[in-house]
Amino acid sequence: MIALTGCSALPTGQSNGDGSTVSDEQISTENPSPGATGVNQTLRITAEETTGGSEFAAIGATCPRDNFTVGSAQHGAVTIGVDTDGDGDLDRTFDETHISGVNNNEYSFDVTLDTGYTLEEGDAVVVRYPATDNPSESGEYEIEVRLNDQQTETVTMTIE
């Protein structure tokens, strides 16, 4: 687990020239203030043995019920990419033409994709979801991140 305080969405990493950047952090938010609405939440998960060798087909997250609110997002508003060599640049990016579905409920989202890209162990998969409302109270909150429904990690976000 990793706890973050005051981190920004994607801009803490390096840029690859098209505005796509990656952070070493597993989760970040453009606004960690209590009660902030419509916040970009960026999640990063590194492909492990369970997902290496499979097509990159889905990424999602589940926030604690009754704390975060996850709204709907248009395909073109979701940013997705893969840092294949760990240098901080998104080496592969996927746009709305690769997204086959963006589904949410009040506390989670799932993005399904048709990328044709085979994940390799060590690939850092990054998704920025643009429609999350922060909890009304400061604290640390555990968020579950899923990759291809085969790999799950729990990360901690700090709301200041």
Within the range 106-130, the residues whose backbone N lies under 16 Å from a label point placed 7 Å from the Cα of A36 along the Cα-to-Cβ direction are 128-130
How much length would be gained if the chain were fully extended between T115 and D85, taking 0.36 nm per residue of separation minus their Cα-Cα distance, in nm to one decimal? 9.0 nm
Rg over Rh [alpha-carbon atoms, Kirkwood Rh] for the range 32-160: 0.96
Sorted by accessible area (1.4 Å probe), largest first, how do Y107, Y129, Y117 line up? Y107, Y117, Y129
Computed P(r) (all Cα pairs; the range 16-107; 10 Å bins; percent): 13, 44, 36, 7
Assuming a ≥ b ≥ c are the square roots of the Cα gyration tensor eigenvalues, decide whether the range 62-124 counts as rounded (a/c under 1.5), prolate (otherwise, with a/b larger than b/c) or oblate. prolate
Pairwise label distance in nanometres, S72 with E49, each label 7 Å out on the Cα-Cβ vector: 4.2
How large is the dipole of the chain about the Cα centre if only Lys and Arg carry +1 and Asp and Glu carry -1, each at its Cβ, rounded to the nearest 20 debye? 460
Evaluate the relative contact order of the chain (contact order divided by residue number), counting alpha-carbon pairs under 8 angstrom at least 6 apart; express in whole percent. 35
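The values are calculated or read from the model by the stated rules, or taken from the named source; none is laboratory data. Note that this is a predicted model, so its numbers are computed, not measured. Cβ coordinates were reconstructed from backbone atoms using ideal geometry, including for glycine residues, and neighbour counts include every protein chain displayed. These area figures cover heavy atoms from the full protein model, side chains too; ligands, DNA and RNA do not enter into them. Shrake-Rupley method; radii C 1.70, N 1.55, O 1.52, S 1.80 Å.
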